[in-house]
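The values are calculated or read from the model by the stated rules, or taken from the named source; none is laboratory data. As the structure is a computational prediction, the values presented were derived from the model and not from experiment. Reconstructed Cβ throughout: ideal geometry from the backbone, glycine too, with neighbour counts over all protein chains shown. Remember, those area values only see protein heavy atoms, side chains included, never the ligands or the DNA or RNA. Shrake-Rupley method; radii C 1.70, N 1.55, O 1.52, S 1.80 Å.
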Amino acid sequence: FVNNQYNQRIIILKNSDDSRRHLWIVVRIYNQGVAFRYFFSEDTLTGGGHVLIKEEKTTFEVPENTQCWFAPYAQAQYQKLHVDNWPGQAERPLTLELPNGIFACIGEAALVTHSRMKFYTAKNEKNIIRCALYKSVENMGPYATPWRFVMVAQRPGELLENNDFILNLNEPNKISNTSWIKPGKIMRVNTFTTAFAKEVVDFAAKHNMQYIHFDAGWYGKETFIESDPRKVFSKELDLPEVVAYAKAKGIGVWLYVNQRALTKYLDEILPLYKKWGIAGIKFGFVLVGSQHWTTWLHEAVSKCAAFNLMVDIHDEYRPTGFSRTYPNLLTQEGVRGNEEFPDANLNCTLPFTRYVAGAADYTICYYSRRSLKPGLKNAPENKVLKNTSGHQLALSVINYSPLQFLFWYDNPSDYQGEPEIEFFDQLQTVWDESIVINGEIGEHISMARRSNNKWFVGTITNNEARSVDIPLYFLNPHKRYKLSIYEDGGESVPTRTHVKISRIIVNSKDVVKVKLPPRGGCAMIAEEL
C-alpha cells in the first residue's frame, strides 16, 4: 500500500514582452521531498501550439563540501566525488551526502515522451549541479516536462525505503485487468535444444520458480538484420513443444528480442507470441536518451499490455516510475549486475543509488564462478564472480525485482543438492513491507522484506570483513519466530558453496550478530511459530 500525499501549487511566469506567453511551474511537496515540472498550457503557446525545448537550465545548489556518488552511465561503477569538476555527466538518480549529515537524492520522474536528462558541473563552478538534455524536444501543447525531484533523508536507507515517491509522480495504472501480470523467479535457457529447455523447466518446477527465459540467439544472431523473431533459428528447438511442456508444469516462458528486431516486427510478434502462449518479452539493447526512442519504448510497453505480455527492459534504460502506469513493465536492467561480475563495494553502493530509481534486473549468479567464452581456458579477471555464496543469497533480498533472475550463468546440472538452495526456493519477488535495518553507502547493508507473515533478511558487506548486528525489531512483538540463518561458513562446511545453516528461536527483542568475511553475506528467513 502506497500513500500519495502532497501539497501542490502552480507558479505562473509571464513573459514581460508578451503577457500571453506563460510558463507554469508545478510544485509538489511530499514528506519525502519536493518535485517540480514545467508545463506549457495550450492557450499561451504561439505558432499553432508548438513546443520546442532546445535546452534546460534547471540548477541545484548544494552546500560547500557536499559529496555525491557519481556514475557516468547506467551500468558504470560509482565514484565518491565532490560537486565540482566531474569527469563527464552523472546518471540519475544522483545521491548526495551533505556536510550536516543529511542525505539527498536528485533525479527525474515520469520520463515518457521527453528527452532524457543527466547532471553535470560547469568549469570554474563549485556546488552547482546543472541539467543537460540528451537532445532537444518538440511536441504540441499542452505539454508537461518530466518531474525533477529532490528527496531528503536523515539516513541513506530512508531514500530506498521512500522510493515510492517516484512512482507517485507518474500517471495511475492504465491497465484495467491486471490479473495476468504475475511476478516471479525466472531461469535462463542458454542452450537452444528441446531437451535442455525441458531440463530447465523441470529444475524451475522443482525449485518453486515461475518462468524460464530463452535469451539472445534463439531466433538467430541478434545483431543481424535478417534474424527473425517470428521463428526459431535452431532446428533442435521445438518451441511450441517446450511451451506446452512448461505450461503443464505451471511454468511460463519469456523470450528475448533485441530492439533491432522489435522495431521491425513488434506489431507482428505481439499477437503471435500471445498465440504461442508466451508470458513476456525481454527487450534487448534498447536505445535510450532521445525523445524519439524514449517515446517508442514506452509505447512498446503499452502495446505489450494490449496482448497480455509482461516486459523486462535491458541494458541502459533506467526507470522513472512508468511501472505505475503500465505495471506489465516488471523490471529493467540499467545496473552493473552479475553479467559484469561487480565486486562487493559496488553491491553495497547500489541500494542507495541505482535502486532508489526502482526495480533492477541484476541477473544473480550462484554456481558458475566464471563466464567463459568459447575457446578460452581461463576467464579474464573482470569476468570472475568475486563474492561469496552467502553474499549471492542475500542479494536476492536486497536487489528488488518483481521478475528475479536466479542462477544466471548456471545450468540445472550445476545443482548438487546444496541445502541452502531452500532459501531461493522460498524466496518471494514482491513484498508487503521493506525496511533498511542499517547500512552505509559502499560499506554494508542489512535489509528486511516481508511477504505475508514471513520475513526475509539479507546482509552484505563490501570487500572488507566486518561484524554486523542485526536487530529484529521489525518482527511482531507478540510472536515468536523460527529463524533460519544461511551464512558463509568457510572450509569447515563440506559443500562446494561453504554455506552454514543454523536455526534458532527469536523474538523482536533479539539481535543477531554475524561475522562476514570479505565480500561475504548472510541471508535469513523468520517464520512465525
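Take the range 235-393 with all the other protein chains still there, run a 1.4 Å probe, and you get 35 Å² of accessible area per residue. Loop-resident trypsin sites (Lys or Arg not before Pro) (DSSP state other than H, G, I, E or B) in the range 1-93 with no more than 14 further Cβ atoms inside 10 Å of their Cβ: K54, K57. One chain, two ends: Q67 and K482. Fully extended at 0.36 nm per residue, the span grows by 145.2 nm beyond their Cα-Cα distance. Based on protein heavy atoms only, the range 427-488 ends up with 39 Å² per residue of surface accessible to a 1.4 Å probe.
Per-residue ellipticity at 222 nm, computed for the chain from helices alone with -39500 (n - 2.57) per DSSP H run of at least four residues, works out to -5000 deg cm²/dmol. Checked against a 29 Å cut-off, the cross-linked pairs K126/K383; K182/K509; K185/K482; K264/K383; K54/K80 give Cα-Cα distances beyond that limit for K126/K383; K182/K509; K264/K383; K54/K80. If you take all other residues with their beta carbon under 10 Å from the beta carbon of G284, and give Lys and Arg +1 and Asp and Glu -1, the sum is -3. Simple rule: put +1 on each Lys or Arg Cβ and -1 on each Asp or Glu Cβ in the chain, find the dipole, and look at W408, Q8, V511; the Cα lying farthest toward the positive end is Q8. With the simple spin-label model, which puts each label point 7 Å out from Cα in the Cβ direction, the I128 to F474 separation comes to 4.2 nm. Only the Cβ atoms of Lys and Arg (+1) and of Asp and Glu (-1) were treated as charged; on that basis the dipole of the range 94-154 about its Cα centre amounts to roughly 180 debye. Within the chain, what percent of beta bridges assigned by DSSP are antiparallel, to the nearest 5? That works out to approximately 80 percent antiparallel.
What a 1.4 Å probe finds exposed on the chain is 48% carbon and sulfur by accessible area, rounded to a whole percent. The residues of the range 1-153 have, on average, 54 Å² of accessible surface per residue, using a 1.4 Å probe with all protein chains present.
Note on E433 and I25: the model spin-label points, each 7 Å out from Cα along the C-beta direction, lie 4.0 nm apart. The dipole here belongs to the chain: it is taken about the Cα centre, uses +1 on the Cβ of Lys and Arg and -1 on the Cβ of Asp and Glu, and is about 300 debye.
With the cut-off at under 20 Å, measuring from each backbone N in the range 233-250 to a point 7 Å along the Cα-to-Cβ line of A195 picks out 233-246.
Of the chymotrypsin sites (Phe, Trp or Tyr not before Pro) found in the range 409-460, none is in coil by DSSP with at most 13 other Cβ atoms within 10 Å of its Cβ. Here the simple spin-label model places points 7 Å from the Cα toward Cβ, and for L287 and N4 these points are separated by 3.2 nm.
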